[in-house]
Amino acid sequence: MKKSPYSPDEFMSGLYGRFRAEPYKNVNSYEDAIKTGISIKEKAREIFSFEKLSSIATEPELVPVGKTLDYPEYTLKKYSLEILEGLNSLVYILEPKNVQKKTNGVVALCGHGYGVRQILNISKKSNKKHFNYFDNYQNNFAAEMAKRGCTVIAPELFGFGEARLSHDLWKPFYISSCDELSHHLLPYGLTTASLRVFQALICARILRKMNTVDENKVSLMGISGGGLTALYASVLDDSIYKTVICGYINTFRDSIFAMWHCPDNYIPHILDIGEIYDFASALAPKKLFIESGEKDKLFPIKASETAHSAIKRVYSLMNAEDNLRIDVFPGKHAVCGRKSFDWLAK
């Protein structure tokens, strides 16, 4: 490896220790934990541009597009809706059959791959199809939750699948538009993460308005980049019932800064507030389920366990240990579901 006295390696690695906030460092009581969580949530509204995006938000109206797919346990319908001025969002809604009471609602947030279809098990033309791409690391979890009696809304997240820039649509389906979108949004004080978090919040609002859904039991679940979205959307919306985060809870130092990651992971000023686990801790005492794979190379397990310990401490301070579930499973970067699916459906 070449060396130069002018390489910024040492400077970059030193920034973490100089500027990273540690909001829970001196928090040792229930009252202080509550105050710290509230402070994190307030600051998060700013870095995720919540007020700016709200100023150009529309009143979304679901417009059916395409055909309805009928499965033994649920139906799947495709909709378009305008969530911001000039920005249409594609969503799929999965409604369970033979349900006699109001259902739990789940906003299902996909990770990188070929978009939302990877958690629905459908083809590009919205036909039924079985996939096994990228080892099917997302485990069709939107469909799995519908099979368990949940009403699910799954958005095509900003920059993925059909929500890529026009000149990217001809490229292989696993190529996202994250890079260009992330760079071009920065001059406006926006990020791909802020757009996706806003999408998730709109989807949660749609579920709460559905007559078949219990408005007090709308949850979020996401994997990888979708886990990022689920975490920060839950921080911004106190009415989220449960949150399942797969393949994301870790540290910026040991994951996002330690190797190449998609630019949608880099959010200006986020370390002024805290680490990934500080945002997760701010959810306490609400119900949180974390999945981490022992062989996850993108979010290494040792750093995940460090994060788990920090989150457990805050949940313990708030007497909410029973609301926190952590499943470290013997797998790679993936949705496991062996415990989280049934937990979320309850």
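Quick notes
- Mean residue ellipticity at 222 nm, helices only, the chain: -9500 deg cm²/dmol; runs of at least 4 DSSP H residues each add -39,500 (n - 2.57), and the sum is divided by the number of residues.
- Between 0 and 90 degrees, the angle of helix 30-47 with respect to the longest Cα principal axis of the chain falls at about 70 degrees.
- Neighbour-limited loop hits for trypsin sites (Lys or Arg not before Pro), segment 259-335 (at most 13 other Cβ within 10 Å; DSSP other than H, G, I, E, B): LYS295, LYS297
- Here's how it looks for LEU190: its modeled amide H is under 5 Å from none belonging to a residue 5 or more places away or on a different chain.
- Fraction in percent of alpha-carbon pairs per bin - 10 Å, segment 9-142: 9, 23, 25, 24, 15, 3, 0
- The count of lysine pairs in segment 11-69 with alpha-carbon distances below 18 Å, taking only pairs 8 or more places apart or on different chains, stands at 6.
- In summary, the aspartates and glutamates within cross-link reach of LYS332, defined as a Cα separation below 12 angstrom excluding same-chain residues under 8 places away, comprise ASP135, GLU291, GLU294, ASP296.
- The chymotrypsin sites (Phe, Trp or Tyr not before Pro) of segment 1-62 that meet both conditions, a loop assignment by DSSP and at most 16 other Cβ atoms within 10 Å of the site Cβ, are TYR6.
- For SER219, the residues whose modelled amide H falls within less than 5 Å of its own, excluding neighbours fewer than 5 places apart on the same chain, are GLY105, VAL106, VAL107, TYR241, LYS242.
- With the convex hull drawn over the C-alpha atoms of segment 207-337, the volume per residue is 112 Å³.
- Considering only LEU165, LEU109, LEU288, the mean-square fluctuation computed in a Gaussian network model of the chain, springs between alpha carbons under 10 angstrom, is largest for LEU165.
- Taking 30 Å as the limit for the C-alpha separation, the pairs LYS78/LYS102; LYS77/LYS217; LYS78/LYS346; LYS171/LYS287 exceed it in the case of LYS171/LYS287.
- DSSP beta bridges in the chain [antiparallel fraction, %, rounded to 5]: 45 percent
- Taking the C-alpha atoms only, the angle from helix 192-209 to the longest principal axis of the chain is near 40 degrees.
- Taking amide H as placed 1.01 Å from N in the peptide plane, the amide H of TYR71 sits under 5 Å from that of LEU76, each at least 5 places away or on another chain.
- Computed over segment 264-304, the P(r) curve from all C-alpha pair distances, binned at 5 Å from the origin, holds 5, 16, 22, 23, 23, 10 percent per bin.
- Charge dipole (Cα centre; +1 on Lys/Arg Cβ, -1 on Asp/Glu Cβ; no other charges) of the chain amounts to roughly 900 debye.
- The chain, Rg to Rh (Cα coordinates; Rh as Kirkwood inverse mean 1/r): 0.96
- Between segment 209-246 and segment 249-283, the alpha-carbon centres lie 19 Å apart.
- Proximal charge balance of ALA280 [Cβ under 13 Å; K/R count +1, D/E count -1]: +3
- Rounded to the nearest 10 degrees, the inclination of helix 9-19 to the longest alpha-carbon principal axis of the chain is 80 degrees.
- Here the mean projected area of the convex hull built on the C-alpha positions of segment 262-346 is 6.3 nm².
Taken together, the values in this text are just the output of simple stated rules run on the coordinates, not laboratory data. Note that this is a predicted model, so its numbers are computed, not measured. Virtual Cβ from ideal backbone geometry, glycine too; neighbours counted across all protein chains shown.
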